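See below for the structure under consideration.
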Amino acid sequence: MNPQLEGVEQIEGTYPFDVARSVERLRINRFFWNMALPRFRERFVDDEVVACAEAGLTAEETTLVRQRDWLGMIRYGVNFFVLEKFIRVLRLTNLDVYASMRGESLEEFLKTRKVPGAR
């Protein structure tokens with residue numbers, strides 16, 4: 001293990017993303033990275049199941065994608081920066097996703113921010 005991550009598992013809500021995790025989860029991260037390309041976006045919008053299958057995603061990965069299990073994806077090892085590409089395909093904002101990760105509506109989440117009316 002990376003010595004900089006020693007003891008990180010004891011910090012609740014921490015899901016480290018390091019080189020080892022990146023290699024383990026390359027397939028699903030590449031799937032999301034490809035959402036930057038129009039043909040991948042169009043394929044996904046046309047048929048999510050087929051797009052996941054063509055990308056070689058496992059049943060678990062496909063379920064995470066189809067259920068929009070944002071926190072589950074982060075825990076699984078999806079890099080948030082590639083997940084943002086997928087978020088845009090769905091026409092969502094980061095704030096929508098943050099709220100969902102906390103089990104809140106966007107309105108509830110915004111009330112917890114220092115600038116509640118900001119979007």
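The values are calculated or read from the model by the stated rules, or taken from the named source; none is laboratory data. Keep in mind it's a predicted model, so treat the numbers as computed, not measured. As a convention, Cβ positions derive from the backbone with ideal geometry for all residues, glycine included, and neighbour counts pool all protein chains shown. Side chains are part of the model used for accessible areas, which takes the heavy atoms of the whole protein and leaves out ligands, DNA and RNA. Shrake-Rupley method; radii C 1.70, N 1.55, O 1.52, S 1.80 Å.
Overview of values
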| quantity | calculated |
| --- | --- |
| Of all residues making up region 100-119, the number that are part of a loop (DSSP other than H, G, I, E, B) and of a type in the set (Asp, Glu) | 1 |
| Residue match in region 98-112 (condition: in contact with an Asp or Glu (Cβ under 6 Å, 6 or more places away or on another chain) and open to solvent by less than 60 Å² (accessible area, probe 1.4 Å)) | yes |
| Unique match (being open to solvent by 50 Å² or more (accessible area, probe 1.4 Å), at positive phi and touching a residue at least 12 places away in the same chain (Cβ under 8 Å)) among ARG91, ARG68 | ARG68 |
| Residue that is open to solvent by 80 Å² or more (accessible area, probe 1.4 Å), out of contact with any strand residue (DSSP E or B) (no Cβ under 8 Å at 6 or more places or on another chain) and touching a residue at least 40 places away in the same chain (Cβ under 8 Å), where the choices are VAL23, VAL45, VAL82, VAL78 | VAL45 |
